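The values are calculated or read from the model by the stated rules, or taken from the named source; none is laboratory data. Just so you know, these numbers come straight off a predicted model, no measurement behind them. Every residue, glycine as well, gets a Cβ built from its backbone with ideal geometry; the counts of neighbours run over all protein chains shown.
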Amino acid sequence: MNISHAIDELTIDASTPHTAEVLPDQRLAAHINAAVRLLRIGQVVSFPTETVYGLGGDARSSVALKRIFQLKGRPADHPLIVHLADAAQLYEWARDIPALAWTLAEHFWPGPLTLILKKAAGVLPLVTGGQDTIGLRVPAHPLALELLRAFDSGLAAPSANRFGCVSPTCPAHVRDEFADKLPLVLDGGCCQVGVESTILSLVSDKPVLLRPGGISLIELANVLGCRPGTQDTTEVGIRAPGLLASHYATRTPLQVINGSGFWLRLKQLCTRGVRVACMIFEQPSHEMAHTHRKQIITMPNEPQAYARGLYRVMRDLDCGNYDLLLVEAPPQSEEWSAINNRLQRAAANETITGEIEYDSKQFKHSAP
Ligand code: TXA
Ligand code: MG
């Protein structure tokens, strides 16, 4: 192998966000007004939240809801989160609201926490996937709040990606997903949290964590006074796509490997001509960096910064014509739980045996 071509590109910055163009008030108002006009006629628009971009439609309109499902390619029995401008609107969407919901709302809203509550009468079954419960949250992005206040009702919004794919964290990702199928993408820059909201169910006696996310377990436990329970959703029949084994997936197969086996695995793959892109924590040693043909992204050591860059890096690498994305496993501690959860699901189609043996026949490309 020619050493001078050994590295395609050593690093890209995993944490630099694209900031939105700062619009003068008048233009911002014009964008919001245009979005509201579209929403009122049952159209779907993409808007930024602090977690990921949403594909928003009027949660009271079955036309809009059907359009969301159609655009996303999502099965109609999977529920949507309804976004609100203010916790006071909970009464319009939920019933039998426990005191704990108000406490959590006070602490974490606006912010990346979704509460699952019993749904109010009149909520369309398309929103809830036919279940008796509803997911609700007040997002923290200023543009989302502005839009929600102007719209003055709930916006049902899944992440603005096709079903099962990686969520978008900047407007360009949304356009990549839907091209000209969306009449409007509000540009709020890159999302500051970068992974989806934490989902907490309050419909039984004890709070149950359904999805780790932007609010950490530690933060939740501080307010709850105890750790929330966890639930095997396949057992109780909750239809939650973000909870399926395979989700948030890149087209390129992705594997998560513990630090100790990482370099050995990489060496073997590269020797066999597998084109690998890596997400690692530290710069490789000089010797490793110059031995193999690959792309290496150095990810931040701190979980919030890692989360902010995660989906963007996954998307960038997915466009790079690699055979495999190899990710160095983050620590197993609680503050990394949302990231580990997303990586695990992105890797769910890949069998990791823990052995170093790798069947290179499954890759379509051979060594250059
Ligand atoms: O951060 C987020 O939550 C983003 C932004 C746009 O707000 N939204 C998001 O939506 O991630 P989506 O649809 O991609 O994922 C929402 C998850 C799904 O797994 C859905 O099944 C679950 O929330 N969910 C919604 N309503 C539910 C309910 N009533 N019971 C159980 N799970 C529910
Ligand atoms: Mg999603």
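When the range 192-231 is limited to residues that are part of a loop (DSSP other than H, G, I, E, B), within 16 Å of ligand 2 (Cβ to nearest atom) and of a type in the set (A, V, I, L, M), the one that is farthest from the chain's Cα centre (by Cα) turns out to be Val193. Somewhere in the range 98-119, is a residue of a type in the set (Lys, Arg), in the same structural domain as Gly189 (by TED's automatic domain parsing), buried (at least 20 other Cβ atoms within 10 Å of the Cβ) and over 20 Å from Cys165 (Cα atoms)? Yes, the conditions are met somewhere in the range 98-119. Being away from ligand 1 (no atom under 12 Å from the Cβ), more than 17 Å from Ala160 (Cβ to Cβ) and touching a residue at least 24 places away in the same chain (Cβ under 8 Å) is not true of Ala64. Selection within the range 295-326: residues that are aromatic (Phe, Trp, Tyr) and outside any loop (DSSP other than H, G, I, E, B). The member of this set that is surrounded by the most Cβ atoms within 10 Å (Cβ to Cβ) is Tyr311.
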